[in-house]
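Below: one structure, written as structure tokens.
The values are calculated or read from the model by the stated rules, or taken from the named source; none is laboratory data. It should be emphasised that the depicted structure is a prediction, and the values quoted were computed from it without experimental measurement. Every residue, glycine as well, gets a Cβ built from its backbone with ideal geometry; the counts of neighbours run over all protein chains shown.
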Amino acid sequence: MKTIDLLTFQFNRYGGSFVVEVSSCPAVGAKFPWGDLIDTDLVTAHDMGDRLRLGSRPPKVEDHWFEYSDDGKKHSQPKYESAAKHVLAFLSQAEDYWKKAK
């Protein structure tokens, strides 16, 4: 079965941090529990029941937030770069997840 690899960013409503979730869905889209279809151009990792938050280590650590602000101080480019590099360090988790989902 062909699948689509999903990578979704969820930003903290108060700013300063975000999570990255990965999942997969069938190439035809995903279905809500009540039967409605979510088209492939609209589906996100949040729509899938089985997903992984990058940086987490289930079952012990299921939550991991990437920080990019200086607690109200002026944002600096190095802080954004640091957050991006932090995400990149965990991309192998996404690749492993997608390989197992296929």
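Some points to look at:
- Selection over region 1-46 of residues that are within 24 Å of residue 90 (Cβ to Cβ), in contact (Cβ under 8 Å) with a residue 24 or more places away in the chain and not polar (S, T, N, Q) gives a count of 14.
- Any hit, region 25-35, residues being in contact with a helix residue (DSSP H, G or I) (Cβ under 9 Å, 6 or more places away or on another chain) and either at pLDDT 90 or above or of a type in the set (Gly, Ala, Ser) (or both): yes
- Note on region 14-43: residues that are within 9 Å of the chain's Cα centre (by Cα) and hydroxyl-bearing (Ser, Thr, Tyr) total 1.
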